[in-house]
Amino acid sequence: MCWGGVSRLLDAGGKVVVGDNQIGGQEIEKRAITAPDAVKGAAPIGWLGIVAPGAIQNSTDAFFLRSQFRSLLYAAVLALVLSGIGAALLARGFLVPIRALERGAKRLAGGRICLAYSAPGQG
């Protein structure tokens, strides 16, 4: 793990134990570190401080962020398309027996009362 640029380990009082003590005006987000057997609401034994970068530092960072955004966009579009296909298949599966029931109801309404209806899969 890289301690320095973005990470700091703080003790229970918030004093920096590992990492650069100078934050440089950046906001630090603290996450509590508790003992594995600690009860809920127990005081933390320390803090993990993470500094979010203020801006993109160089072209390599910008390239990485663009590629991450592009990959996320592709994944979102793929998920949307697959969920649309799945919804269409489910709708079709629900509509087949409903339409058969509708046809039977129309025949009954037309006066054909000697009609046998078998559920799909019942033969």
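The values are calculated or read from the model by the stated rules, or taken from the named source; none is laboratory data. These numbers were taken from a predicted model, which means no experiment stands behind them. Here the Cβ is made from the backbone with ideal geometry for all residues, glycine too, and neighbour counts use every protein chain on show.
Checking each residue in region 20-37 for being modelled with pLDDT of 75 or more and part of a loop (DSSP other than H, G, I, E, B) picks out Thr34, Ala35, Pro36, Asp37. Within region 52-73, being loosely packed, with under 10 Cβ neighbours inside 10 Å and either modelled with pLDDT of 95 or more or small (Gly, Ala, Ser) (or both) holds for Ala52, Ala55, Ser59.
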